[in-house]
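One structure is given below, encoded as structure tokens.
The values are calculated or read from the model by the stated rules, or taken from the named source; none is laboratory data. Since we're looking at a predicted model, the values are computed, not measured. Cβ placement follows ideal geometry from the backbone for every residue including glycine, while neighbour counts extend to all protein chains displayed. These accessible areas exclude ligands, DNA and RNA; they are computed on the full protein's heavy atoms, side chains included. Shrake-Rupley method; radii C 1.70, N 1.55, O 1.52, S 1.80 Å.
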Amino acid sequence: MNVAGVSAFFHESACALLRDGRLVAAASEERFSRVKHDPRLPVAAFRFCLEAAGLDLTELHALAWYESPVRKLSRQLWAGVPEGGDPGLPWLDPGQPERALREGLGWDGPILTFPHHASHAASAFFFSGSPEAAVLTVDGVGEWATATYGRGQGASLESFEEVEFPHSLGLLYSTITSYLGFRVNDGEYKVMGLAPYGEPRHLGAMRRLVSSGPGGRFRLDLAYFDFLRGRRMYSEALCDLLGAPPRTPGGELGPFHRDVARSLQAVLEEILLEKTAWLHERTGLDDLCMAGGVALNCVANGRILREGPFRRLFVPPAAGDAGGALGAAALAHVELTGQAPAIGPLRSAALGPAWSPEEIAPLLAAAELPARDFRGREPELLAAVADRLAAGKVVGWFHGRLEFGPRALGRRSLLADPRDPGMRDRLNRLVKKREAFRPFAPSVLAAHAAEHFDLDHPSPFMLETCRVTSPLALPAVTHVDGSARPQTVDPEENPRFAALLEAFRRRTGCPLLVNTSFNLAGEPIVGSPADALASFALSGIDTLVLEDFLLDRDALPPYWPELLPLWRERSRSPFGGGRTAIAEDLYTFV
Amino acid sequence: MSHPHRPGPPESDREPELEARRRLCQELAESLATPEGLRQARLLQAGGLLARPAPEAEPEPLPRPPLPIGIWSPVRERDGGLAWVRPDPHPLGDHWAAVKTLRPKRDSLPLRVALFGESVAAGYLYAPHLTPARVLEGILRHAGGADRFEVIDLARTNERLSTLAETVRASLQIQPDVLVLFAGNNWNLLETPEVSPWAASVEARQRFARALREGPGGPGRLAAERLRAAARRAFDLIGTLARQAGIPAIAVVPEVNRADWETRQPAPWLPEDGTARWYELYRRAAESRNPEQVQGLAERLLELDGGACPTSWRLLARSLRARGDEEGAARAARAEVDAAAYPGIAFLAAPQAGGLAREVLEEARRRHHFSVVDLPAVFAEHAGSPLPGRRLFLDYCHLTAEGIQVAMAAVAEEVFRLSGMVEDPPTWRSLVETAPGPEVSPEADAVAKLGAAIHTAHRLLSTQPRGEILEHWCEAALDASPGIAGAMVDLVAARTAPLPEVLTAAQGRNLASPYRLLLQHGWRWDHLDADLIEAILRTLRRRDPAAADEAESRLLERSLSGSWTDLSHPYWLWDPLERFYPEAMEFEDLAHRAVYRAAWPESAFAVVVEERSDVELTVTARLPAFGGAPRRGTVEVGVGGEAAARFEVSERWTREGLTIPLHRMRPGLNRLTLRWPEPPPDGEAARRRAVERLEVGIAADLHPVFGELFALRARADRA
């Protein structure tokens, strides 16, 4: 039984494929199209998944779609026609997803549709390895549900309570994100990163925005929100309540903004702690699985695990809508076979495409780049990389299969020495160009994690924060509140990355590295060697490792930085705002 | 789609009013999920009965002077005066003249002529080495006095009507004395996206559908009306600006290459079995060597498609020309250009000014007293033929050095006449005779001609093989400067490299050479360019065998290996323009397909084979279903024009394994073709279905899809 799950048309489309119940591939379209958060039909991801599974289209048995278009439309109709939107009302057509699967992917077989939050729930439970677990999903909105509470056992997954639109923790968070001048569906993690710099001085106001109800329920006071009208997220009443106008995007971030972020984060954590406590009481289980966009809030996740009643927490690496593809595929498998997918605990997010050294060699040859070839000499490669890291260099690390989900986990990563007090600024200056307040995350050898963090369990997907307890000073990865968001690296899961950490440890006594995603500001994480080469050229990264090949910056042609922006622009161009490939910066004909 | 999973029980304490509204909305949503429900909702929406009016938009503040002039931004100079400065040109070129600074006019002389327009006016393929503005200035100074004339180059590749008018407005800050407007090739469907089946807009599709109900010509007529209105607005503004400034304007009616350029488009759906008959007639015409027979077939094609398909006109033009009727051929070729302006064309077409541009410019003459340079008449007289071709054109509309010289001589004649600065002003004929020819280095000349080959390979879909014209331009490039052979080798190396061209050392070498190929010459075109590579190899084989060997070895590096290569990827398409326009141009969701769709009865793919070996193929294919009816047929597989295999297909995906025996393949490039079965007979029903889809805002196929491929995987079987 071969099933592909697909999510698309809202935020970061993706495809995942189960072959005989085993997860063999999953990827987001943005990694192929190079359009950040690309919501379009994941055609490249779909083709990749089939190829990775060694399947032809004729060998696929079903497609699974991650939400119910009719129920979603009923909620959209309930909310009313947004003001000032496209007068063509393209969203009125609930047949569009199926048509896209039929005509865009060419699929002529069965299509199974699952509710949005069921897909989220399945993406967590069926990949958690727990035989039985409580399941919590929380996001902005799916069809009607914005949060669901349920239980999974074997092949069975049920939800017994849900909170419905417009009452939504995800929309609450997005609203304040927007008020703070960040982009909705993109800037939420910036708000989370900003929060520790502030004080919870606006808790009272936040508690007026959202109030907890009995059981799993909570409500927003809609007077403070304007998303139903479709013009903006917050209302004037929110500005009045907080006593300040919204921050202009790109404007100065002052103490007030930090305090608002802190207060929001505190209220979110408060509610999640309360609701998970109730869920625990309701289920009596030790394991909790979480998914949905809010489950990417690793600070809240850390508190749920530390302070809540559950003993174990599993959050999948793609907890947002991309992961809906994974969940839908799992639900389809259950639907068609009556059995749970044969997955066990998901230990690795390495589900995307890979390039072998033999495939990379001709690329480097065509570019005539004087890369050092370490094929068959891994220890020497790792020694060369560790030397550079110890010397304060920033290394682009491209190895193995691309990760699924928003985090780079040692496959498409930028690595650096976490002890270097100037490293955070350097990384920002060279490549990330992100807000100075946002911390970088560390990767640590699993065996040494407890020596440096208040962490007693694996955290392979960087989805929870914990206190830094290291005897080493780790300024590049320690947040202002003394926390970090570590990835524990298991030598069995990613032997080469673990070996690199070990090589670095041997040189420096430090078994950690800064690990941040390998991408330029505003771009998706690099997918292919060509993406990596371009990002290397357009940043200030010192060294690039492409599998067994190592390139130092001085090996690059000097004209690349001038030429490559054109290539990048083109690869992003077609989507959005009705733009076509005919653009000012393009090779053109007229 | 099924809904096998149900969430848990909903909240029990929903407010009754909201719950009632929720039930209503669920009912509505279920209704919208039915074809009739959606159709009714779309009627309401099209009638403007559903959308909430957009909030009153804040009026755009009027721009405050100084205004930017195109890419030139105003800066204050040391003496307090204003100047306009542009960013440094991009290393791969950009769309504006490579003139750093523009300044206001300070003295009455030299007379300042400002040239506006599109890529033709910008000297596309020759710029920045040779531009019409510089040639015009040279002619004016030669015949009118060296210090008495200057030409400001404000032409811009990709110029549109609205930006043309804005550039004219902004240019008044530098006090031109004469405006020259050389535009019209871009006045095509890009100006009227609101009447398009391809735009990602429900309303545009609905508008298109309403026009299509009037017949195949309906959308074309509607688009022309809107285009005419847009052009009138732009020219009314320009006319008003010129009048207020008290300066004359000269409009140049563009001419296009009607001898060498062809526009091949598939036929739209035709009633009854008209579509199938059209393709059968086309096949016979394409195979025929008898011009009289081709003419007869072309006339029958025109009867069938009502003149809506440019291909039929092209066949007629070709046959009439072959029979010596140049005037008739010229008329047919003009009709071809006009038919290609149809906004629902299937394949990406080349921008060429048609009858509408002439009408608009004539109207500008009448309404605003513009002077008009009739380039078609000038070129016909100069070339001694109403069918100007490669002597004056590098491609569909861009001019050779001679073409630029003649066109600018005609403009100069008008400038002299209007300015009165030269007694007894010379005619363009004498200016062509007496003015020194355009000066361009052999290297730049060679690059422009190789650029013509590349551009032609990328944009020409013809009714006959393209090798002759591609080799003509390759030869011309080598004639201009034999050293360009190195650039040809680099081009082949970059096209065949397994990574984006921009990362290849080949492109780096080219950029460091005297033969720099810029964006306008076709870097960053993401396919193998099989026809171009063949033309380069054949030309080099004659002219520079060592370079040919090197280019060939680069090509062979991309040979099939023992691993599978999916030839349905656009990189391997022999001619990627034989994809539907939105798929070739990436129009939003329309481009986003996992499936190759054959828009022509035959699909061709490039296969590179290093040594003589069998080629193993696996094909996953199907025939498009029409109205749910089952379909069956046979696909003929050919290599190099010879039948090699066949397989059966149906409306369901099927996978076939085939082997092409070694004696069919030759080392190097091989053209692998799939000949699809005929389209289903009822074209009227297909058209009706297309209209129905467009009416509810869904993209539709306006032309037959002959077959679909999910995969066409090939590998060398050296065993």
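Which is of a type in the set (Gly, Ala, Ser) and touching a residue at least 24 places away in the same chain (Cβ under 8 Å), of A:Ala365, A:Ala300? Being of a type in the set (Gly, Ala, Ser) and touching a residue at least 24 places away in the same chain (Cβ under 8 Å) holds for just one of A:Ala365, A:Ala300, which is A:Ala300. Exactly one residue out of B:Ala452, B:Ala435 is of a type outside the set (D, E, K, R) and farther than 30 Å from B:Arg538 by Cβ, and it is B:Ala435.
For segment A:129-155, how many residues meet the condition of being more than 20 Å from A:Ile271 (Cα to Cα), assigned to a strand (DSSP E or B) and open to solvent by 10 Å² or more (accessible area, probe 1.4 Å)? Of the residues in that region, 2 qualify. Please state which of the following conditions B:Pro498 fails to meet, knowing it meets all the rest: (1) within 25 Å of B:Leu392 (Cα to Cα); (2) within 12 Å of chain A (Cβ to nearest Cβ). Status for B:Pro498: all satisfied but (1).
Number of residues in segment A:83-108 that are assigned to a loop (DSSP other than H, G, I, E, B) and facing chain B (nearest Cβ under 7 Å): the value is 11. Taking segment A:70-81 as the range and being part of a loop (DSSP other than H, G, I, E, B) and at the interface with chain B (Cβ under 7 Å from one of its Cβ atoms) as the test, only A:Val81 passes.
Looking across segment A:305-360, the residues that are part of a helix (DSSP H, G or I) and more than 27 Å from A:Lys275 (Cα to Cα) come down to A:Ala329, A:Ala332, A:His333, A:Val334, A:Glu335, A:Leu336, A:Thr337, A:Pro357, A:Glu358, A:Glu359, A:Ile360.
For segment B:452-468, the set of residues classified as hydrophobic (A, V, I, L, M, F, W, C) and buried (at least 24 other Cβ atoms within 10 Å of the Cβ) consists of B:Ala452, B:Ala453, B:Ile454, B:Ala457, listed by residue number. Among the residues of segment A:156-215, those identified as free of Cβ contacts under 8 Å to residues at least 60 places away in the same chain, open to solvent by 10 Å² or more (accessible area, probe 1.4 Å), assigned to a loop (DSSP other than H, G, I, E, B) and within 14 Å of another protein chain (Cβ to nearest Cβ) are A:His167, A:Gly213, A:Pro214. For segment A:45-58, the candidate set comprises residues that are more than 8 Å from chain B (Cβ to nearest Cβ) and either crowded, with 21+ Cβ neighbours inside 10 Å or of a type in the set (Lys, Arg) (or both); within that set, the residue that is farthest from B:Arg713 (Cα to Cα) is A:Ala45. Among the residues of segment B:482-492, write down those that are small (Gly, Ala, Ser) and open to solvent by less than 10 Å² (accessible area, probe 1.4 Å). Answer for segment B:482-492, where residues must be small (Gly, Ala, Ser) and open to solvent by less than 10 Å² (accessible area, probe 1.4 Å): B:Ala485, B:Ala487. Look at B:Ala251 and say whether it is open to solvent by less than 20 Å² (accessible area, probe 1.4 Å) and either in contact with a strand residue (DSSP E or B) (Cβ under 7 Å, 6 or more places away or on another chain) or assigned to a loop (DSSP other than H, G, I, E, B) (or both). Spelling it out, B:Ala251 is indeed open to solvent by less than 20 Å² (accessible area, probe 1.4 Å) and either in contact with a strand residue (DSSP E or B) (Cβ under 7 Å, 6 or more places away or on another chain) or assigned to a loop (DSSP other than H, G, I, E, B) (or both). All conditions in (1) buried (at least 24 other Cβ atoms within 10 Å of the Cβ); (2) in a helix (DSSP H, G or I) hold for B:Ala267, with the sole exception of (2). Which residue is farthest from B:Pro351 (Cα to Cα), if the candidates are limited to segment B:172-195 and must be in contact with a helix residue (DSSP H, G or I) (Cβ under 9 Å, 6 or more places away or on another chain) and not in a loop (DSSP other than H, G, I, E, B)? Step by step, filter segment B:172-195, then rank; the result is B:Leu172. With respect to A:Ser33, determine if the residue is open to solvent by less than 10 Å² (accessible area, probe 1.4 Å), within 14 Å of chain B (Cβ to nearest Cβ) and not hydrophobic (A, V, I, L, M, F, W, C). Criteria not met by A:Ser33.
Restricting attention to segment B:701-714, the residues that are surrounded by fewer than 22 Cβ atoms within 10 Å (Cβ to Cβ) and either away from chain A (no Cβ under 14 Å) or assigned to a loop (DSSP other than H, G, I, E, B) (or both) add up to 2. Being among the polar types (S, T, N, Q), away from chain A (no Cβ under 11 Å), touching an Asp or Glu at 6+ places or on another chain (Cβ under 9 Å) and surrounded by fewer than 19 Cβ atoms within 10 Å (Cβ to Cβ) holds for only one residue in B:Ser513, B:Ser561, and it is B:Ser513.
When the strands (runs of 3 or more DSSP E) confined to segment B:577-688 are screened for residues that are among the small types (Gly, Ala, Ser), those reaching at least 2 such residues are found at B:602-609, B:632-639, B:642-650. Listed conditions (1) modelled with pLDDT of 95 or more; (2) assigned to a loop (DSSP other than H, G, I, E, B); (3) away from chain A (no Cβ under 13 Å) are all met by B:Leu528, apart from (1). Could you grab the pairs with beta carbons closer than 6 Å, sequence gap of 6+ or different chains, first residue in segment B:603-626 and within 17 Å of B:Arg664 (Cα to Cα), second one β-branched (Val, Ile, Thr) and open to solvent by less than 10 Å² (accessible area, probe 1.4 Å)? Short answer, once both residue conditions are applied: B:Val615/B:Ile660. The lone criterion from (1) more than 7 Å from chain B (Cβ to nearest Cβ); (2) closer than 19 Å to B:Leu38 by Cα left unmet by A:Tyr66 is number (2). For B:Val619, the conditions (1) closer than 24 Å to B:Arg715 by Cα; (2) aliphatic (A, V, I, L, M); (3) more than 12 Å from every other protein chain (Cβ to nearest Cβ); (4) crowded, with 20+ Cβ neighbours inside 10 Å are fulfilled apart from (3).
Inside segment A:351-369, residues that are among the small types (Gly, Ala, Ser) and under 14 Å from A:Glu547 (Cβ atoms) make up a count of 3. Taken over segment B:622-676, the residue count meeting the criterion of being farther than 21 Å from B:Ala599 by Cα and out of contact with any strand residue (DSSP E or B) (no Cβ under 9 Å at 6 or more places or on another chain) is 2.
Just one of the listed residues (A:Pro345, A:Pro317, A:Pro370) is under 29 Å from A:Ala53 (Cβ atoms) and open to solvent by 30 Å² or more (accessible area, probe 1.4 Å), and it is A:Pro345. Exactly one residue out of B:Phe235, B:Phe208 is outside any loop (DSSP other than H, G, I, E, B), surrounded by 17 or more Cβ atoms within 10 Å (Cβ to Cβ) and within 14 Å of chain A (Cβ to nearest Cβ): that is B:Phe208.
Comparison of B:Gln26, B:Gln45 shows that the only residue that is within 10 Å of another protein chain (Cβ to nearest Cβ), modelled with pLDDT under 95 and surrounded by 16 or more Cβ atoms within 10 Å (Cβ to Cβ) is B:Gln45. Within the option set B:Ala200, B:Ala183, B:Ala155, being closer than 29 Å to B:Ala699 by Cα, buried (at least 20 other Cβ atoms within 10 Å of the Cβ) and within 27 Å of the chain's Cα centre (by Cα) holds for one residue only, B:Ala200. Please tell me if A:Arg208 is at pLDDT below 95 and over 20 Å from A:Gly302 (Cα atoms). Considered against the rule, which asks whether it is at pLDDT below 95 and over 20 Å from A:Gly302 (Cα atoms), A:Arg208 comes out as no.
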